[in-house]
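**Student:** Pasting a structure here, questions to come.
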Amino acid sequence: MAGTFTLRIVTPERIVYTGETESLRAPGSEGSFGVLARHAPMVAALGVGPVEFSEDGSRRQMATSGGFVEVSAEGTMILAETAEFGDEIDVERAQAARDRATERLNQQSEIDRARAQASLARAINRLSVVGAS
């Protein structure tokens with residue numbers, strides 16, 4: 001007995017998506033999780049990774065990087081630091097960011113490794129959503 005629920009995806013800059021969806025898969029900070037209609041209320045930290053949801057039977061995917069997911073009786077709200085559909089991603093910019101982060105991680109000098117690793121994860125996530133390597 002499938003159903004739908006309202007999904008809202010919001011970043012500090014804009015409302016990215018509002019609509020009815022049948023399912024959601026999100027990258028939680030403790031592992032990915034799914035949401036269906038009538039899911040129990042919860043709040044989860046969002047990690048870097050693709051958010052996938054179905055709309056009218058077709059799958060949609062977007063790159064996200066951190067934030068929170070709230071599931072309630074009113075629907076599901078994703079408050080993301082960033083969220084981009086594949087057609088919004090600048091592939092050349094994402095590839096350049098990936099290359100810069102990789103280069104920084106390969107250097108022997110003092111760098112902020114955590115920051116470079118986070119940058120690399122975001123770039124790889126963006127590229128995976130558009131299907132580029």
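**Student:** Can you tell me which residue is nearest to THR18 (Cα to Cα) among those in region 46-68 that are surrounded by fewer than 15 Cβ atoms within 10 Å (Cβ to Cβ) and free of Cβ contacts under 8 Å to residues at least 24 places away in the same chain?
**Tutor:** Looking at the filtered set, the residue picked out is ASP56.
**Student:** What number of residues within region 120-133 are without any contact (Cβ under 8 Å) to a residue 40 or more places away in the chain and in a loop (DSSP other than H, G, I, E, B)? Walk me through how you get there before you give the answer.
**Tutor:** In the first step, residues of region 120-133 are kept if they are without any contact (Cβ under 8 Å) to a residue 40 or more places away in the chain; the result is 120, 123-124, 127, 133.
Keeping just the survivors that are in a loop (DSSP other than H, G, I, E, B) gives 133.
Counting residues in region 120-133 that are without any contact (Cβ under 8 Å) to a residue 40 or more places away in the chain and in a loop (DSSP other than H, G, I, E, B) gives 1.
**Student:** Return only the number of the condition from (1) in contact with a His (Cβ under 6 Å, 6 or more places away or on another chain); (2) more than 27 Å from GLY3 (Cβ to Cβ) that VAL71 does not satisfy.
**Tutor:** (2) is the only condition that VAL71 fails.
**Student:** Output yes when any residue across region 86-105 is touching a strand residue (DSSP E or B) at 6+ places or on another chain (Cβ under 8 Å) and not basic (Lys, Arg), and no when none is. Give the steps one after another, and end with the answer.
**Tutor:** As a first pass, look at region 86-105 and keep what is touching a strand residue (DSSP E or B) at 6+ places or on another chain (Cβ under 8 Å): 86, 89.
Next, from what is left, pick out any that are not basic (Lys, Arg): 86, 89.
Taking every residue of region 86-105 in turn, at least one turns out to be touching a strand residue (DSSP E or B) at 6+ places or on another chain (Cβ under 8 Å) and not basic (Lys, Arg).
**Student:** Then there is this: If you scan region 1-22, which residues turn out to be of a type in the set (A, V, I, L, M), touching a residue at least 12 places away in the same chain (Cβ under 8 Å) and part of a strand (DSSP E or B)?
**Tutor:** LEU7, ILE9, VAL10, VAL16
**Student:** Can you confirm whether region 75-86 contains a residue that is modelled with pLDDT of 95 or more, in the same structural domain as ILE15 (by TED's automatic domain parsing), more than 21 Å from GLU13 (Cα to Cα) and among the β-branched types (Val, Ile, Thr)?
**Tutor:** no
**Student:** Right, something else. Among the listed residues GLN107, GLN117, which satisfies the condition of being touching a residue at least 12 places away in the same chain (Cβ under 8 Å) and exposed (fewer than 15 other Cβ atoms within 10 Å of the Cβ)?
**Tutor:** Selected residue: GLN117, the only one of GLN107, GLN117 that is touching a residue at least 12 places away in the same chain (Cβ under 8 Å) and exposed (fewer than 15 other Cβ atoms within 10 Å of the Cβ).
**Student:** What is the residue count in region 3-17 for residues that are surrounded by fewer than 18 Cβ atoms within 10 Å (Cβ to Cβ) and farther than 21 Å from VAL48 by Cα?
**Tutor:** Number satisfying all stated conditions: 3.
**Student:** If I filter region 71-94 down to residues being more than 14 Å from the chain's Cα centre (by Cα) and part of a strand (DSSP E or B), which single residue comes out as surrounded by the fewest Cβ atoms within 10 Å (Cβ to Cβ)?
**Tutor:** Looking at the filtered set, the residue picked out is SER72.
The values are calculated or read from the model by the stated rules, or taken from the named source; none is laboratory data. Just so you know, these numbers come straight off a predicted model, no measurement behind them. Counting neighbours? That spans all protein chains shown, and the Cβs are built from the backbone with ideal geometry, glycine included.
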